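Student: Let me give you the structure first, and then I'll get to my questions.
The values are calculated or read from the model by the stated rules, or taken from the named source; none is laboratory data. Everything quoted here is computed from the prediction, not taken from an experiment. We place every Cβ from the backbone using ideal geometry, glycine too, and count neighbours over all the protein chains shown.
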Amino acid sequence: MSERIIEFREALCEAMSEEMRTDQKVFLLGEEVAQYNGAYKISKGMLDEFGPRRVIDTPISESGFSGMAIGAAMRGLRPIVEFMSWSFSLVAADPILNNAAKMLYMSGGQFGCPIVFRGNDGAGGQLGSTHSWCIESLYANVPGLKMAIPYDAYDAKGLLKTAIRDDNPVFFLESERLLSITGHVPEEDYTVPFGQALIRRQGADCTIISFGRPLYFCQEAAIELAKEGIDCEIIDGRTIRPLDIETMVTSVKKTNACVVVDQSWSFASIGSEVASQIHRYCFDDLDNFVHRVHSDDVPTPYASNLEQAYLPNTRKICEAVRGATYNT
Amino acid sequence: MDKLDTELKKTCIDSRHLQLEKAPLPESGILIGWLRQMLLIREFEVRTMQAYQNRLIGGFCHVYIGQEAVAVGSIASLNLDDPIVLAYRCHGHALVRGMDPKYCMAEMFGRIGGCAKGKGGSMHMFDAPHHLYGGHGIVGAQTPLGTGLAFATKYEDEVLEDGKSSHVTLCYLGDGALNQGAFYEAMNLAGLFNLPVIFVLENNRYSMGTSIERGTTMANELHTKSDAHGIEHAIVDGKDVLSLYQSFKSIVDWCRTESRPFFVEAQTYRYKGHSMSDPRKYRTQEEEAREDEVDCIARLEKFLCQEHDVTPDGIKQLTRQVKTQVREAVEWAKESPETPMEELYKDVYVDHWGPFTGTSKPQMMQDEPQ
């Protein structure tokens, strides 16, 4: 099989287009998705292929078009809603959390909500505090939704196809900083299942658990730490709901040390949840408490030096691993 | 009310760019059916209040007494497969749409026999076989959903079936929702995308304890709200089921043909408080007494006796029938078992994973399959 190298954004586009070819109930809507070809060019060419009835430009009206898509999903259509940024989803919090996530439960199993919300999550580059939200810790608190965070082009396509085929609401978190990275994506149809974490790097001394973009900082840290003789194992959680805690626990039982890297804030977060579960299931296996790396507990700063310091960067991860393995 | 009187004297609906002839009334058998529906709602709500006071119903509970004509007359103008979506004062619409009162009552009792297996409660009546997409508890939140239901029927008709849009969605809201942003986004999208949705404003003049004049700008010219979105409008008497139906039928037919939205203000009054805990100190007894005099049920009874050979005895018989029906619904709800513990983790996700045990349909759908 020859390597077919494409961009992360092209992988997303392929996932949507292929699913729209096989299922007429799938359609895409959002700000600038059609005529503009996507604010980040993810939906490039889709208007030409599918026409304006299935690739739909909406006004800047997140609450309205999210609710509209949810109403359509209640009738069994399968909308893909693009948020230009998950930061803007905050004005749609009521429909996406109260309606999408709870509809099946509140209707006693009568109306499901097969919908995908997707868009950029996390800091872009000097976008300031309101445009740099990592919404995973806020939203993952809510039962009824699923949440996926792809790491590379292969997973971007495979996880998004799974999301579109899923009968539940899926929150799909992309990163603006990853859209241009390239990777191997096979020609043939494939999916990546939810709830199956992947070991991105094998190691013996410390397990690093992360999701999405911070995994790249984890890789850099692992290279740095290897020079110091610390052998890191990196686990890509891939999905937050469902969370594949088994793979994480198996790794920690082997390494006896764990660092969780989560790009959202620390208080009541994905990081605190994963750490809590590792403490519970690996209580007798841990040589130290689980160390956590987050964005600093402040609004995202604009200034480049402050923003770099604020993110869960390589330096912070190295320090946490050294701490967790008593190599300080 | 002067303005309403002027509107009602007309035989046509005058909107901004549109004049519609009001539809004729159906034959008397159907009108008697409407009376029966209105009597059923009132009796149901009286027994709901009793059950609430007897602590058989918990949480928030909002009754529809006084507004019955709106649900009856508007839903009568729809096809059976046209979608409906509602706010939280939703018992009456569910009954009119065809939900057996026993499932509605059992839902409020929090029993497994409820339309949502006791998981939704008073504010959240859902009935898939009857195309009822829920009562919704957050004020205004149902309006984008209504836009979405209309989007879906249009998409189904035009994209999936390659035909012409042929459904109309009724999306109800109270006057409190007039001040929520979601409603304006919903109207904008409906206007922009030519969606066949009718926003039915049930203006009962109070959002909880705040009179419309205290909460809404342009309270006497609410059509300005829809005008701003290029949406046609009509004002109807929410206490006169006959004229309300005549207007609605024309409007529904127009929306179906044109695939366009509409905004209808039904002027009505809720006789009871906002919810069961409301002592109604924000309005006078004189005002309530004045509204009581123009009761929608009494008006229809009078009309039927004068124009359609209905007798007071015939009405008594109808009343007895609905009393029996509601009494049986209450008994059925009481006997329905408490929602079992295994339901706690059901219907969270469609599929099984972790502690979640998939989904299942309520008894209502097994009894009355689609």
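Rundown of residues vs (1) more than 11 Å from A:Ile80 (Cβ to Cβ); (2) in contact (Cβ under 8 Å) with a residue 40 or more places away in the chain, yes/no style:
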{"site": "A:Glu10", "(1), (2)": "yes, yes"}
{"site": "A:Glu14", "(1), (2)": "yes, yes"}
{"site": "A:Glu18", "(1), (2)": "yes, yes"}
{"site": "A:Thr22", "(1), (2)": "yes, no"}
{"site": "A:Gly30", "(1), (2)": "no, yes"}
{"site": "A:Ser43", "(1), (2)": "no, no"}
{"site": "A:Arg53", "(1), (2)": "yes, no"}
{"site": "A:Gly64", "(1), (2)": "yes, no"}
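Student: Still on this structure, I have one more. So, B:Ala289, is that one within 25 Å of B:Gly238 (Cα to Cα), small (Gly, Ala, Ser) and within 23 Å of the chain's Cα centre (by Cα) or not?
Tutor: No; evaluated as a whole, the condition is false for this residue.
Student: Got at least one residue in the stretch B:191-198 being assigned to a loop (DSSP other than H, G, I, E, B) and either among the aromatic types (Phe, Trp, Tyr) or touching a His at 6+ places or on another chain (Cβ under 8 Å) (or both)?
Tutor: Yes, the stretch B:191-198 contains at least one residue that is assigned to a loop (DSSP other than H, G, I, E, B) and either among the aromatic types (Phe, Trp, Tyr) or touching a His at 6+ places or on another chain (Cβ under 8 Å) (or both).
Student: Can you confirm whether B:Ala186 is within 7 Å of chain A (Cβ to nearest Cβ) and either in a helix (DSSP H, G or I) or among the aliphatic types (A, V, I, L, M) (or both)?
Tutor: yes
Student: Please pick out the residue among A:Glu62, A:Glu82 that is assigned by TED's automatic domain parsing to the domain that holds A:Ala123 and closer than 17 Å to B:Ala186 by Cβ.
Tutor: So the residue among A:Glu62, A:Glu82 that is assigned by TED's automatic domain parsing to the domain that holds A:Ala123 and closer than 17 Å to B:Ala186 by Cβ is A:Glu62.
Student: Working carefully through the options B:Gln306, B:Gln317, B:Gln363, find the one that is within 14 Å of chain A (Cβ to nearest Cβ) and either more than 30 Å from A:Phe194 (Cα to Cα) or touching a Gly at 6+ places or on another chain (Cβ under 7 Å) (or both).
Tutor: After ruling out the rest, the residue left standing is B:Gln363.
Student: Kindly provide the set of residues from the stretch B:124-179 that are within 11 Å of chain A (Cβ to nearest Cβ), on the phi < 0 side of the Ramachandran plot and part of a strand (DSSP E or B), ordered by number.
Tutor: Those that are within 11 Å of chain A (Cβ to nearest Cβ), on the phi < 0 side of the Ramachandran plot and part of a strand (DSSP E or B): B:Asp127, B:Leu132, B:Tyr133, B:Gly135, B:Thr169, B:Cys171.
Student: Could you run through the stretch B:155-193 and say how many residues are in contact with a Leu (Cβ under 6 Å, 6 or more places away or on another chain) and of a type in the set (D, E, K, R)?
Tutor: Of the residues in that region, 0 qualify.
Student: Among the residues of the stretch A:108-122, is there at least one that is of a type in the set (A, V, I, L, M, F, W, C), buried (at least 23 other Cβ atoms within 10 Å of the Cβ), outside any loop (DSSP other than H, G, I, E, B) and in contact with a helix residue (DSSP H, G or I) (Cβ under 9 Å, 6 or more places away or on another chain)?
Tutor: Within the stretch A:108-122 (the criterion being of a type in the set (A, V, I, L, M, F, W, C), buried (at least 23 other Cβ atoms within 10 Å of the Cβ), outside any loop (DSSP other than H, G, I, E, B) and in contact with a helix residue (DSSP H, G or I) (Cβ under 9 Å, 6 or more places away or on another chain)), the answer is yes, since at least one residue qualifies.
Student: Which of the residues that make up the stretch B:197-227 are within 13 Å of chain A (Cβ to nearest Cβ) and in contact with an Asp or Glu (Cβ under 9 Å, 6 or more places away or on another chain)?
Tutor: none
Student: Which of the residues spanning the stretch B:221-249 are buried (at least 21 other Cβ atoms within 10 Å of the Cβ) and among the hydroxyl-bearing types (Ser, Thr, Tyr)?
Tutor: Of everything in the stretch B:221-249, those that are buried (at least 21 other Cβ atoms within 10 Å of the Cβ) and among the hydroxyl-bearing types (Ser, Thr, Tyr) turn out to be B:Ser226, B:Tyr245, B:Ser247.
Student: I need every pair where a residue in the stretch A:162-186 that is within 25 Å of A:Gln126 (Cβ to Cβ) and outside the structural domain of A:Leu12 (by TED's automatic domain parsing) has its Cβ under 6 Å from the Cβ of a residue that is at pLDDT 95 or above and polar (S, T, N, Q), sequence separation at least 6 or different chains.
Tutor: Nothing qualifies.
Student: Search the stretch A:130-143 for residues that are within 10 Å of A:Arg241 (Cβ to Cβ) and pair each with any residue that is assigned to a loop (DSSP other than H, G, I, E, B) when their beta-carbon atoms are under 6 Å apart and the residues are at least 6 apart or on different chains.
Tutor: A:Glu136/A:Ser264; A:Val142/A:Ala101; A:Pro143/B:Val348
Student: Of all residues in the stretch B:90-119, which are surrounded by fewer than 24 Cβ atoms within 10 Å (Cβ to Cβ), among the charged types (D, E, K, R) and not in a helix (DSSP H, G or I)?
Tutor: Within the stretch B:90-119, B:Asp100, B:Arg111 meet the criteria.
Student: Right, next: Of (1) touching a Lys or Arg at 6+ places or on another chain (Cβ under 8 Å); (2) within 13 Å of chain A (Cβ to nearest Cβ); (3) surrounded by fewer than 23 Cβ atoms within 10 Å (Cβ to Cβ); (4) not aliphatic (A, V, I, L, M), B:Ser77 satisfies all except one. Which?
Tutor: (2)
Student: Is it the case that B:Gly113 is in contact with a Phe, Trp or Tyr (Cβ under 7 Å, 6 or more places away or on another chain) and within 25 Å of B:Thr143 (Cβ to Cβ)?
Tutor: Considered against the rule, which asks whether it is in contact with a Phe, Trp or Tyr (Cβ under 7 Å, 6 or more places away or on another chain) and within 25 Å of B:Thr143 (Cβ to Cβ), B:Gly113 comes out as no.
Student: While we're looking at this one, here's another question. Can you find a residue that is within 16 Å of the chain's Cα centre (by Cα) and free of Cβ contacts under 8 Å to residues at least 24 places away in the same chain anywhere in the stretch B:153-160?
Tutor: no
Student: For the stretch A:146-163, which positions are part of a helix (DSSP H, G or I) and within 14 Å of chain B (Cβ to nearest Cβ)?
Tutor: Within the stretch A:146-163, A:Thr162, A:Ala163 qualify.
Student: Please determine, by comparing only the residues of the stretch B:338-360 that are within 20 Å of B:Ala106 (Cβ to Cβ) and over 28 Å from the mean Cα position of the chain (by Cα), which one is farthest from the other protein chains (Cβ to nearest Cβ).
Tutor: Selected residue: B:Met341.
Student: Within the stretch A:104-124, restricting attention to residues that are of a type in the set (A, V, I, L, M) and within 8 Å of chain B (Cβ to nearest Cβ), which residue is farthest from B:Gly118 (Cα to Cα)?
Tutor: That would be A:Leu104.
Student: Pull out all pairs, ordered by first then second residue, where Cβ-Cβ is under 7 Å, the residues are six or more apart or on different chains, the first lies in the stretch A:85-96 and is crowded, with 24+ Cβ neighbours inside 10 Å, and the second is in a helix (DSSP H, G or I) and hydroxyl-bearing (Ser, Thr, Tyr).
Tutor: Once the first residue is crowded, with 24+ Cβ neighbours inside 10 Å and sits in the stretch A:85-96, its partners that are in a helix (DSSP H, G or I) and hydroxyl-bearing (Ser, Thr, Tyr) give A:Ala92/A:Ser63; A:Ala92/A:Ser66; A:Pro95/A:Ser63; A:Pro95/A:Ser66; A:Ile96/A:Ser66; A:Ile96/A:Ser89.
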